[in-house]
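Q: My questions will all concern the structure given below.
A short reminder: the numbers here are calculations on the coordinates, not readings from a lab. Since this is a predicted model, take the numbers as computed values, not measurements. So basically every Cβ, Gly included, is an ideal-geometry build from the backbone, and we count neighbours across all protein chains shown.
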Amino acid sequence: MELFPPLTGFYGAVAEDLRISSTHISLYMALMQQWNLLGGRNPFPIDRDVVMRTAKISARKTYNKCLNNLQDYGYIKYLPSSNSFTQSIIYLKSIQ
């Protein structure tokens, strides 16, 4: 019995994706936690500092690189905010 299909789908996909590192996985799990805390809404806003802390990423450059990689590889859709007072938006894509 599969209790959480989004998690199973993600791990099934990344097991075969040689581009994905442990940092990408950590960041995706932090995004999934935010999605979960916000009731499973898709899309959902993110707070960079919270996501970085949850993912245990300390460098903003690493965070941005991995977030953009996840979008380029098709795992998320990332809509960055151009205003420092507005949160960025994430869509978790369905992975099967």
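Q: With labels modelled as points extended 7 Å from the Cα through the Cβ direction, what inter-label distance (nm, one decimal) is found for residue 11 paired with residue 53?
A: It is 2.7 nm.
Q: Which order, highest average first, do 70-77, 26-33 follow once you tally other Cβ atoms within 10 Å for each residue and take the mean per peptide?
A: Highest-to-lowest ranking by the protection proxy: 26-33, 70-77.
Q: What 222 nm value per residue comes from the helices of the chain, counting each DSSP H run with n ≥ 4 as -39,500 (n - 2.57) and dividing by all residues, nearest 500 deg cm²/dmol?
A: Mean residue ellipticity at 222 nm (helix-derived): -16000 deg cm²/dmol.
Q: Another question, then. With only Lys, Arg, Asp and Glu charged, each at its Cβ (+1 for the first two, -1 for the last two), find how big the charge dipole of the chain is about the Cα centre; round to the nearest 20 debye.
A: Values: 10 positive and 6 negative charges, 67 e Å.
Approximately 320 debye in magnitude.
Q: Something else: Would you kindly calculate the translational diffusion coefficient of the chain, applying Stokes-Einstein with the Kirkwood radius from alpha carbon pairs, for 10 °C and a viscosity of 1.306 mPa s, and quote it in µm² s⁻¹ without decimals?
A: 117
Q: Another question about this same structure. Looking at the stretch 32-61, which trypsin sites (Lys or Arg not before Pro) are DSSP coil and have at most 14 other C-beta atoms within 10 Å of their C-beta?
A: Details: sites: 41, 48, 53, 56, 60, 61; in loops: 41, 56.
In loop regions of the stretch 32-61 (DSSP not H, G, I, E or B), the sparsely surrounded trypsin sites (Lys or Arg not before Pro) are 41, 56.
Q: Return the sequence-ordered ³J(HN,Hα) values of the stretch 82-95 in whole Hz as given by the Karplus equation 6.51 cos²θ - 1.76 cosθ + 1.60 applied to θ = phi - 60°, using x for Gly and Pro.
A: Once θ is set to phi - 60°, the couplings for the stretch 82-95 become 8, 10, 5, 9, 10, 6, 6, 10, 10, 10, 7, 7, 5, 10 Hz.
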